[in-house]
Structures are given as structure tokens and as C-alpha cells.
1. Express in Å², to the nearest 10, the accessible area of B:Arg242 obtained by rolling a 1.4 Å probe over the protein heavy atoms while all chains stay in place.
2. Percent antiparallel among DSSP beta bridges with both residues in the range A:8-193, to the nearest 5?
3. Using the heavy atoms of the protein chains alone and a 1.4 angstrom probe, what is the accessible area of the range A:8-193 per residue in square angstrom?
4. Using a 1.4 Å probe and ignoring any ligands, DNA or RNA, find the accessible area of B:Glu140 and quote it in Å² to the nearest 10.
5. Probe radius 1.4 Å, ligands and nucleic acids left out: can you give me the accessible area buried at the A-B interface, summed over both chains, in Å² to the nearest hundred?
6. Cross-link list A:Lys37/B:Lys352; B:Lys210/B:Lys238; B:Lys55/B:Lys626; A:Lys11/B:Lys109: which exceed 22 angstrom alpha carbon to alpha carbon?
7. B:Gln96's amide H: which non-local residues (gap 5+, or another chain) put their own amide H closer than 5 Å, with H modeled 1.01 Å from N in plane and none for Pro or chain starts?
8. Given a 1.4 Å probe and heavy atoms of the protein chains only, how would you sort B:Tyr603, A:Tyr159, largest accessible area at the top?
Amino acid sequence: MSDGDYDYLIKFLALGDSGVGKTTFLYQYTDAKFNSKFITTVGIDFREKRVVYKSNGPGGVSGRGQRIHLQLWDTAGQERFRSLTTAFFRDAMGFLLLFDLTSEQSFLNVRNWMSQLQMHAYCENPDIVLCGNKCDLTDQRAVKEEEAKELADKYGIPYFETSASSGQNVSQAVEVLLDLIMKRMERCVDKSWIPEGVMQSNGHSSTEQLSNSKDQGKCSC
Amino acid sequence: MSLKLPRNWDFNLRPDANKIARSKSMMPAESSSGPVHPGSASHLERPLKTGWLKKQRSIVKNWQMKFFVLRGSILYYYKDDKDTAIQGSIPLQGTQVNELLSNPDEAGKFQFEISPVNADRDRVYQDSHVLMANSQNEMEEWVKTIRRVMGTPSSGVVFGQRLADTILYEQKFEQHQVPILVEKCVEFIREHGLSEEGIFRLPGQDNQVKQFRDAFDAGERPSFPSETDVHTVASLFKLYLRELPEPVIPWSQYDDFLNCSQHLNVTDMTGWEHLEKQIALLPPENYSLLSYICRFLYEVQLNSSVNKMSVENLATVIGVNILRPRVEDPFSIMKGTLQIQKLMTVIISHHKELFPKSKDIPPLSPVVKNDNKKSNVPRSSVGWDVAEDPTQSVTNNVKEGQVLSESAEDLTSCGSAAWGERGNDEKGSLSFKLRKRTQTLPSRRCTFSSQGEENGCTEATGKRVGVFSNDFWNLEPSSASSEADKNTLSEDIFSALQWQNVSKCQRSSVLNKSFHSDGAEVRRHYGGTWEAQPKSPQPKMENKSTTPNLTPVPSSPSTTSRELLIPKLSDSGGNNIARKDMRRSLHAEELDTEKGECKTASYEIQVSSLQKKNQELCSKVEELEKELMQEKQRNKELEIRIRNMEAAHKEAERQNQELDKVLQSFTSQKLKGRVTMPI
């Protein structure tokens, strides 16, 4: 497979407080290894991985899978960068929002990250997966699963307890996010076959109207 | 089959463009300070900040959306951003601004309050205003900006205050080499955090950080309770550095410092020499602070086997708070981070050579440097003897440096004796600080041996820079497809620049050299004023024993740090003449008759009334002088702003052109892609 040989280039962005394990999470996903080095991310970085996506939705096109080139952006969680990384939000199609299950503060900050996302991402309800990382450290756990689940439900986003160390749920989380993105795109594609007039009203209508049409409304396609 | 983006992302993003456009006015911090403002033409002064906020009505308590414009020290509000009729205004002079901590049920209500300074926190005053922002960030921006507008050195505000002003203000309490906040943080972390994993990397508790910040800003200098989370303290420390209106490495030196990092390797000594030169150029307060920080970080990394914070890690997390570019655009910042990390790594690990202890600047340095100006500054109460005896002040003038630095040391030791009860725990550090300042600049060359690592770094830089230069603009999947989109993008960038421009201005910029030196001068006068204060109790005693008839005028305890040279001078001059006259006649009286004592008493009363008048006049002069200074400063700021505007405009145009090119190439690429679209 040569470099440009893929169907879609999808960009994800990992975010969350510093030290929650964004870098190791992505490293575990792309290289299936745990990097135990304690290194602070400098600025912003990215990793890449190729995957094949098979649509399994109800009306999904079966047959050959889509070749996806995943670009996973890794941001520095330092406070200094919090306002800066938002500039990169707009370029990402999906978000991996991480917190540290052993740090209550990082969990509390999930709200802040969410509001940042809602404000700066490409639309008001971008696809996000919430990951409570370091779930292997059971004895140091500070956030209950129910609490996290509840918060995720409140935002209507999937939640996973992950461990970059053991690899638990890491690829699942990314796959679910990818699935969300692909579904969203399919919806877009579907609608593009709808006659001109309807498309117009969807594509250019006011947000008020769109917000009425349930969860998939706002990012009207 | 090389389609990178499905065509329909465009549709996705179209309504989104609306959203962005809409939020432009909603997010003042980022974009709305563009060219269109209500009434901007009618006011000379450029708004420091504009944007939408909700304002709570005073009686009904419901919220109303208003467009706020901060201009000068007045916060105006309008019905909307096109309206030119002012609906109301909130003068900020004599007020304080506080974030209202929201309780969990009210999450998402980002409220802050502007109330009179002396207002009781619990009571709601008629003339206090409660405002609500859209987000935490936005609220913080507003509060910060408003504080900056109100912030005078005498108010004790620490965050967002110029380093020199803070040092100056705090000399009132004790002699400090670095802000008290920094000392407290470092002491706390030294005690509790050296073996804490991820110290300085992990964030603390936001609300606690804010509470401490507010406490310091309210003029308190609290010690941290021992149960405080050490990461909170570390976060506070980083926040302080970040909020300095001008970073520890001044903007004028930012590029020079970064350039040093490129030449820092074994074969090339130029980088090292440049670095030493740049460090020598730092203002004394900044030098002290940087040196202090690096010394402490070195201590922290000695424990890196436990706390896992190696020099590189510390350099990453602290460096970005110390070195900040003037124009805060995310991409140049991200580009700079690697260089910053490399540079900070060197500075921390070689702090011994770069900041030799022999070059430590005692806290009184501004006074010592002050030379002849200094002897003109009346030393408040100390001045009795000195001012009366012209020969003595002449010798003072002649001897200069040495004598002055000695007397400065005397003063502090007196001060520390007099203030012993208060600051007994500070004595140790005082004696350390009192080390004489040597003027020689050691031009020692230090060997620097970490080639492998450095090379690694360079390579990495290359790679990452590549990321930025090649990849970034292609990343804009959305906005490249049509002419309209193109415009939006460039507009965005332009407005972003505009915003940066504004924020630059808010920081009251020391960009202008002449302005800078002005500031320095004022600072020196302050130094003179403060330096004398701790001594006041002592000379009073001496005077009483020698000339019992006369009580020296203690320097007015209310002296603000705004005090200027001129009023002081006229004060001492006037005082001198008056006092001399009184004294002469007093002597005559004593020789004449035994009743002298009685008369002296009456004279004494006269003296004191004269002195009182003198002081009154003096304070008037001060006030006027203060106004004049402010006026001047405003003028200069305006000039700077105009210059900044022009620069930003040019830059924007240039970027616009570049963008056009990129977009065109991208569009053509995209068109190709569409042809081969699968579906």
C-alpha cells in the first residue's frame, strides 16, 4: 500500500489534563506497546495507523471495507497549552477525551474540556469518546465507574475504562470513535442523494431548525 | 482512489461556518475585537476588550445580554455591537473584580462581580455589578483584563502585575529578591513536593488555585496550609509566571534567546556566548527570578529518580511559562516549544555557570545603581541629619557607589533589626541576600557536553517543524473549497491577529524602549522611597537624644509607591528652609532667656503645623504628578498601539497572500480528488 493509497484520512485528537496518559494511550494503540517512560509531551505531535473499516450499520454497504488512514494527534496537556490546543480542535473529526481514574481532579476537568470542545470543534456536538485511563491501577482508583458513566451519559458519549499499560479497551475506544465518524459521514453521503431542495434546507438552514431535529441535527449534513 | 476527504464534509461545515461567524461576537477574547466596534470612531482610545456578557439587572435580577466595551478604565455597555448609543458604563476606578465561585448546580454560569473596593464581600451593594460570561476562559479573560486596568502597584495585586512593580510593592514588607508568592511556592514545594511524582507537570485543583490567586491579589501573602495539594501550589506558581504581563524573558529578548538554543552545542561556542550575553541583558528583577527558579528546578531534578521529573521534563513544563512570544498564535508557539525546552534544559542544568552566586543581585540593587539621583531622594526620616547638613550630602554625592551600597546595607540591617519581630524567619535569607554585589561579569566559558542528546534534539526539531510547515494548512479540510470559505479563513486569521494586537496593548507593553527606560526611572525612585522606610524607627530615636526640641517628621506612613522624585524634592527643600529658620530662631531664644522652653513649645507647634501644610501640599503635587504620568503613559501606549496595528496589518496581509497560495493549490488538489470520488 503506497502512501496515498487509502479511502479516507481521518484525524483524531487526544486531549485531557497532563499526565493522564494521552501519549501512552496512543502509543499503545498504534504500536501495541506500553511506554512506561515518564515524558512530558512537547507541544503537539501525532501518530498514524492504517485500518480497514467495514460498515456494519443497518443500511450499511456491505462488501469491501474502507481503507482508513488514521492520524492521531497528541496534545500537550500543560495548562499553558489549554487555550492553544483549541486551535487544533477544528481540524479534528473525532476526539479522545482522557482522564486519569486515579486522579479526581482530572475527572473534574472533563467538564472544562467538554465545554472547550463544544466551543472550538468543527460543530457543537462532535464525536467524542471518554476514556478513564489507568484502570489497571485498581488500588489507587479515585473515580468510580458509575460516576464516569453518568457523566458520559449526560453528554451522550460512549465511555471506556482503559489501560494504556495493559492495553485494555484501548483499541475498542478508538474503533468506537471511528465507527461514530464513519456513521456520521454515511449520513452525510446519504443525504447528498436527497433532492436538491431538501439538501438546501439542511445544508443552509438556520441552527434553530436543526437543533430541533434531535441528536444528529446540529451537525446537519 | 486517493480521496482524502469525502466531499460531504463541506456540507457538514457549512452550517458550522455560520456558527463560527455567530460565535465571533460571542467570543470576544478571540475574534470580535476586529475593526467594527460601536463608537470606535468617536473615541480615540482603542477598546482594550470587547464582547458579549450577560448583565444582571439590579432590581429584577434577571439577565440581559449586552455588548461590553472596555475602554480606558471604564466598562461601557451597549445594546448590541452595532449600536452606538451607550446604555451605561461602569467606572472601574476604586473597584475590585472577583470571580463568583459557582456551585455545582450552577455549572456553566461563569459569573464575576465588579464591586467597590471596600465592599464587604457578603453584602450586595447597590453599585456592584454581576456579569456572566459564556465560558470559564472568557470570564477569566475579562477578569484579568479588568484587573490589569485597575491594577496599580500600590494595590498589591500580584497576578498580571509587572514583575518590577510587584518587587517594588513587596519591599514594603521585607527585602525580597523575588516575589513573595514565588518564595512561598518554592518553600512549600521544597518541603512537600520534592519526591512527588510529576511535580510541576500534573495540574492542581483549579478552584483552589483560583482561591490562592484571589487571596494574593487581594494583597494577602498567605502561607499554604500544610495539607494543601502540592500540585495546586505548583500550578499557582506556573499560573503566576504565565500571567506576568511581560514574561520573565522579555519579549524583546524572546527571539534572541531562542536563537541561542540553535547554536548550543559543543562545537559551536557562539550559542553559549550569546546566551550569557542575553542573560546579562535581563532586567535585574527578571535575572533574579530566573536564577531563583533555575536553582530550585535543579534541586527538583536531583530527585528525579523519585519524582520522575528530569531536567528535560521540567524544562518542558516550566519553559513555556517563562518564554512566551509576544504574538500568541498557536502555531508559532508550538513551533517554539522544542527550542524552549532545549534552551531551558541547558539553563537549568548549567545554572551554576550562568547564574554564578557572585552575581547575585541584592534586593536593593535598584537603589545601589541609582547613583547621584539617589542622594537627592530624601530618605524620609533619616533625612533629618543628612538634609540639614549640606556637606554631608555632598560627601554622599562624591563617594557614590561604595558608600551607597554600604549605606544601603546599613539600612537593611537596621531595617531587619527594627523589623526583627515581624520577619524573624526571614533573617537567614536576608543575610544571604545582603551579599555584596560585584560588578565584574565573569566571562567564563563553560564546557558543554551532551552532543548526542543535542543532535537528537535537532533532528527532532527538523521533523516537527516539518509537521507544521507541510501539514498544517492542508489540515484545513473545510475551508478551502470556495471563495467564500477562503475569505472566512483569512478573516479569521486577521481577526486573530487583531486580537493578539489588543492583548498586546493590554499588557501595557514595554515594547517602546524610551517608555521602558521611563519605567525604570520611576522604579528607581520607588526604590529610594522604600529603601528608607524600614529605617524610620531607628533614626527617630537618635534624633530625640541629640536634639530633644525637635521631633523629626516621619515619612508619611501613607506614602504610596507612586511617589515621585519631584514632589519629594520640593518637599525636602521647603522643609529644610522652614526648619532651618525655626532652628535659628530657636537658638536665639535659648540664648536670650530662660523662658525659652515655653517658647520652643509654641514654636514646636508652629513647626508641626508648617510641616502638616507642607505634607498636604506635597500630596497635592504628588497627585498632579501622578495624573501627568498616567497621561503620558496613556499617550505612549496609544503610540505603541498604533505601531502595533500597523505591524499587525502588514503581517496579516502577508499571511493572507501566503494563504491564498496555499488555498489555491489545495483547491486544485481537491478538484482532482473529486473526480475520483468513490460513490
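The values are calculated or read from the model by the stated rules, or taken from the named source; none is laboratory data. Note that the structure is predicted; figures quoted are calculated from it, not measured. When we count neighbours, we look across all protein chains shown, and the Cβ atoms used for this are built from the backbone with ideal geometry, even at glycine. Note: accessible area is taken over every heavy atom of the protein model, side chains too, but ligands, DNA and RNA are not part of it. Shrake-Rupley method; radii C 1.70, N 1.55, O 1.52, S 1.80 Å.
1. Result for B:Arg242: roughly 50 Å² accessible.
2. 30
3. Averaged over the residues of the range A:8-193, the accessible area is 38 Å².
4. For B:Glu140, solvent-accessible area is about 50 Å².
5. Working: alone 12110 and 34580 Å², together 41250 Å².
Counting both chains, the buried surface is close to 5400 Å².
6. Cα-Cα > 22 Å for A:Lys37/B:Lys352; B:Lys55/B:Lys626; A:Lys11/B:Lys109; rest within.
7. Here the answer is B:Ser115, B:Val117, since their amide H atoms fall under 5 Å of that of B:Gln96.
8. Per-residue accessible area, sorted high to low, gives B:Tyr603, A:Tyr159.
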